[in-house]
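Peer 1: Sending over a structure as structure tokens; questions will come in a sec.
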Amino acid sequence: MISRNKILLTSMCFAAAATHAQESSIYTYELVHFDNALNLYQNKQFLQAQILFDQVIKEDLPLDIKADCAYYSAQCAIRLDQYGADVLMEDFVANYPTSSKQAQAYYEVASYYFNQNSYAKALKYFDKVNERNLSNTEREQFYFQKGYCYFAAKNKKDAERYFNRIVNSENFGAQAKYYIGYMAYEVDNYKQATEMFGSDQVKNKYQDSMGYFQADMNFKLGNFEKAIEVGTAQLSKANAQEKSDLNKIIGESYFNLQKYPEALPYLSQYKGKNGKWNNVDFYQLGYTYYKQGDYDNAIAQFNKILQGQDHVAQNAYYHLGESYLKKDQKLQALNAFKMASEMSFDPKIQEDAHLNYAKLSYEIGNPYQSVPEVLMVYIKNYPNSSHKAELEQLLINSYISSKNYKEALRLLENNRAPQNRIIYQKVAFYRGLELYADGDYTGAYDFFNKVISEAKDPEYTARAIFWKGETEYTLTKYNDALQSFRLFETLPDAAKVRENKNFNYNMAYAYFKVKDYENAAKYFQKYIDGYKKDDKMRYNDAYLRMADSYFVSSKYWPAMESYNKAIQLGTIDADYAAYQKAISYGFVSKNDRKIEDLTTFIKTYPNSTYTAEAMYELGNTYVNENKVNEAVKAYDNLIAKFPSSLLVGKSKLRQGLAYYNSNQNDKALEKFKKVAAEHPNTEEAVQAVETSRLIYMDLGKVNEFAEWVKTLDFIEISSAELDNDSYNSALKQYQQNNVKQAINGFTSYLAQFPNGLHVLKANFYLAEMYFADGLYNNAAKYYEEVVGKNRNEFTEQSLVRLSEIYNKEKNNPKSIKIFKRIESEADFPQNVNYAQANLMKAYYGTEDFVNAEKYANKVLSNTKVDDKIKSDAQIIIARSAVKTENWAKAQQAYSNLQKIATGELAAEALYYDAYFKNLDKKYAESTAAVQKLAKDYSGYKYFGSKGLIIMAKNFFATDDAFQATYILESVIKNFSSYPDVVEEAKQELAHIKGEAAQTNSSITN
């Protein structure tokens, strides 16, 4: 039994041995694959290695081999950055807790990601490492790498915690101290940074990069000399960014030591942060230039400081103002001092800046505020200033020099102190002149009365009385004007004032208007006797009006002398003088000379407005001399050359009468019938019918006369007496100025005799009365009746009245029709001028710019129109050109306008002068035009504010962003009543800030 059991045991052992031999060969085969995979792994052929590891792990192998395969497969996945690699590593840790690789798994993965600079991924795995399983060497590396991951993530607290664990490490101590020092440096803990950077370990390892930090730390600690020393030594070793920063450190250190020449080359080499400077950078370089007297470069730097609201900006703007003053750029200085005065970081600078701002405002004007207001604000804010007395004197002067009389009056109304009364009188006077120039005569009249009532300064009282008379004259209050001029003449100061030069001329006209021709002639002669050869037009006119005064007074020889003098002077009204001289001979029984002069006149002035009258008078004179044929010929010449003249009907009547008086009845009747047919409803037609009646009666052909009269709708022979009685009754009330009764009488007459003898006159007188009472609709109805008839003695005046009514109603289409008739039918040149001037305005109002310009040119071609009408014409041409975008024509028109315009038109012309000069890139000239606009026409805020936008564009075009932005911000702040201007300013400001923000990091949009 024993033996058998032994044999069995032996057999079993052999069997076991055979089985073991078979398994070992299999293991050996799989381990070769494992070794191959491991070899591929170590040679960084991670994909092939992973494939083999994944094959091996599927075999029936020991657990430790499977664990290693899982470990290395996960490592390969991590290095291949495969999706789910982290899951593979987590599975390895979970599935093989007894693996020898367990402790190293997370550590090695974390280290791998660390070496790949993937610090966020590395930190994820460092957090899973059990540091107790690490060796001392591994643990030090673990502390450094994890600390650096925190450093990279800007978690300075945890970074410093790990770095502090290895500050004494032989391998990692220098690096740990360096990064601890760097973090301390970043938070301005220079004591700790110096301590760390000062260790021998750090110095030896980081010598080349330490200079930058040491220079910066010394600068920030105020050790400027040391910062310069270290920074200068480091410059040659630094990279581009560090070199830029070191230049800033060295330059600013010299700046703080007030060594400006040494600071300049370094500050100018600074490149900024991300290519941008900030306001402090610009200030330091600007101030460096300023301290060396290089004001151009100082300005170039200071004016890049935008949106500054701190002590640096206040200092910069103040020194910018001083730099501008050194360069005599006073407007720019004004803006800079204004900015500095609005900041309170340094009260002394604020006060001095405000003082400079106030003085400059007085000297050059202020486009944003009235100069008096600027001065008063300074006096109020600094009542104890040593400059108070000086500013108070400037305040007084500014009321006049600023020419902003409206605003000055507002301020004076609120400050009626006794010492300001005389100033108030002067300013009120100039405000009155301003309103007079703008055509507001009622407003001007009120101010002149205020000046007179103040009576503080005799000179201004005298001037106001004179202008009160001028205003009354313009308002057609001629008796009142005469009274004012008489008072002026009695004043002791009248002879001293400039208005006295034209006093005799104006006084003469006042007498002329009230029909006191004797005194009119007397004062015209006084003016002529005192003529200073500086106003030829007025001098010539004085001779004409003096002659008229003599003529109307039947003093024909003196009249002819004066007309002759006017002719010799070559006056623009020489034709009028020649005509008046010719007819004057008739009044002194010199018909032969009258005929001679009229014949000469007709040849000399064939196109004169008086030629038709001359022909008519020539015919009349021939009649008086019983020269019928010559008379008829003269009348025929008139009819042929001036067929639309009112004198045509009179000439035909005169021909008929001449024939009648010479017993040529047939010819007489022929002419009378033509008058009745061609000129119905006129006095001439009525007289022609009456004279024809006499001829028919003489011929015994009364029935023939009756048949002819039936064909005339304006004659009712049977009721002629009643017609006359009814009309004369109304006329009597009219002549006695009983308006209500006259209206009733003429209305009744027209109702009773709609085709009566006096229909024309009745309609005209009714229209005149309604017009005088301001009942324009009623008046228009009757004026339209008058102008609807054939041309008559009332046509011209009725057309003028209708045009005034339509203009009041803003009825441009009707106005144009009426003005066209006045232009073509008027006998008085002034009415033709009036029509043309209004046609250009009416066409402009209907946006018919072609015709508007056409009539504006007609106005300008007339040498007799005054400058105000010429200004209107030039502005129509200019505005029409702007509307049609004909810029060349607009520019020329505004240029012409500048020479003659006053008030608002002058302001508009100056604005466009600046506008076109900006387009032509004449920026300095454009700015000068805006300055003149701001100073001389400060009362016209709309064009002033638009001009400021042009000025801002000029400054930006010449690289002065500060001036540009300041001006635009001031426009936005001060001119809210002009939304279109504010919107344009906002758009331009956004554009400028957008451009400036590309180089200045302090600017935010």
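Peer 1: If I ask for residues that are over 60 Å from the mean Cα position of the chain (by Cα), assigned to a helix (DSSP H, G or I) and small (Gly, Ala, Ser), which ones from region 147-176 would you list?
Peer 2: Within region 147-176, Gly147, Ala159, Gly173, Ala174, Ala176 qualify.
Peer 1: Sticking with this one: Is region 769-786 home to any residue that is surrounded by fewer than 20 Cβ atoms within 10 Å (Cβ to Cβ), on the phi < 0 side of the Ramachandran plot, small (Gly, Ala, Ser) and in contact (Cβ under 8 Å) with a residue 60 or more places away in the chain?
Peer 2: no
Peer 1: Still on this structure, please answer the following. Got a sec? Which of Ser644, Ser651, Ser692 is in a helix (DSSP H, G or I), of a type in the set (Ser, Thr, Tyr) and within 20 Å of Tyr616 (Cβ to Cβ)?
Peer 2: Exactly one residue qualifies, and that residue is Ser651.
Peer 1: Within the group Val588, Val623, which residue is surrounded by 15 or more Cβ atoms within 10 Å (Cβ to Cβ), over 28 Å from Val865 (Cα atoms), over 58 Å from the mean Cα position of the chain (by Cα) and free of Cβ contacts under 8 Å to residues at least 40 places away in the same chain?
Peer 2: Sole residue among the options that is surrounded by 15 or more Cβ atoms within 10 Å (Cβ to Cβ), over 28 Å from Val865 (Cα atoms), over 58 Å from the mean Cα position of the chain (by Cα) and free of Cβ contacts under 8 Å to residues at least 40 places away in the same chain: Val623.
Peer 1: Name, by its number, the condition in (1) exposed (fewer than 14 other Cβ atoms within 10 Å of the Cβ); (2) modelled with pLDDT under 80; (3) in a loop (DSSP other than H, G, I, E, B) that does not hold for Leu722.
Peer 2: (3)
Peer 1: Quick one: would you say Gly251 is crowded, with 22+ Cβ neighbours inside 10 Å, in a helix (DSSP H, G or I) and at pLDDT 85 or above?
Peer 2: yes
Peer 1: Name the single residue, out of those in region 849-896 being over 25 Å from Glu823 (Cα atoms) and among the hydrophobic types (A, V, I, L, M, F, W, C), that is surrounded by the fewest Cβ atoms within 10 Å (Cβ to Cβ).
Peer 2: Only one residue fits best here, namely Ala888.
Peer 1: Restricting the search to region 939-995, which residues are among the acidic types (Asp, Glu) and within 21 Å of Ile299 (Cα to Cα)?
Peer 2: Asp959, Asp960, Glu969, Glu995
Here's the yes/no breakdown for (1) surrounded by 23 or more Cβ atoms within 10 Å (Cβ to Cβ); (2) within 16 Å of Gly251 (Cα to Cα):
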| site | (1), (2) |
| --- | --- |
| Tyr270 | no, yes |
| Gly275 | no, no |
| Thr288 | yes, yes |
| Lys291 | no, yes |
| Tyr295 | no, no |
| Gln301 | yes, yes |
| Leu306 | no, no |
| Asp310 | no, no |
| Asn315 | no, no |
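Peer 1: Another question, if that's okay. Would you please list the contacts, defined by Cβ atoms under 6 Å and residues six or more apart or on different chains, that run from a residue in region 978-1005 that is on the phi < 0 side of the Ramachandran plot and among the hydroxyl-bearing types (Ser, Thr, Tyr) to a residue that is modelled with pLDDT of 90 or more and outside any loop (DSSP other than H, G, I, E, B)?
Peer 2: That search, which allows pairs on different chains as well, returns Tyr978/Tyr942; Tyr978/Ser945.
Peer 1: Read through the list (1) touching a residue at least 24 places away in the same chain (Cβ under 8 Å); (2) among the hydrophobic types (A, V, I, L, M, F, W, C); (3) more than 28 Å from Phe448 (Cα to Cα), then give the number of the only condition that Ile528 fails.
Peer 2: (1)
Peer 1: Looking at Glu489, Glu472, which one is crowded, with 19+ Cβ neighbours inside 10 Å, within 24 Å of Tyr430 (Cα to Cα) and not polar (S, T, N, Q)?
Peer 2: Just a single option satisfies the conditions, and that option is Glu472.
Peer 1: Test Ser645 against the stated conditions and say whether it is closer than 16 Å to Asp827 by Cα, polar (S, T, N, Q) and surrounded by 20 or more Cβ atoms within 10 Å (Cβ to Cβ).
Peer 2: Answer is yes for this residue.
Peer 1: On to the next question. Would you check which residues across region 973-1003 are in a helix (DSSP H, G or I), modelled with pLDDT under 90 and surrounded by fewer than 18 Cβ atoms within 10 Å (Cβ to Cβ) and list them?
Peer 2: Within region 973-1003, Lys973, Asn974, Ala990, His991, Gly994, Glu995 meet the criteria.
Peer 1: Within region 510-538, take every residue that is in a helix (DSSP H, G or I) and out of contact with any helix residue (DSSP H, G or I) (no Cβ under 7 Å at 6 or more places or on another chain) and give me the one that is surrounded by the most Cβ atoms within 10 Å (Cβ to Cβ).
Peer 2: Lys522
The values are calculated or read from the model by the stated rules, or taken from the named source; none is laboratory data. Computed from a predicted model, the values in this text were never measured in an experiment. Quick reminder, even Gly has a Cβ in these numbers, built from the backbone with ideal geometry, and neighbours come from all protein chains shown.
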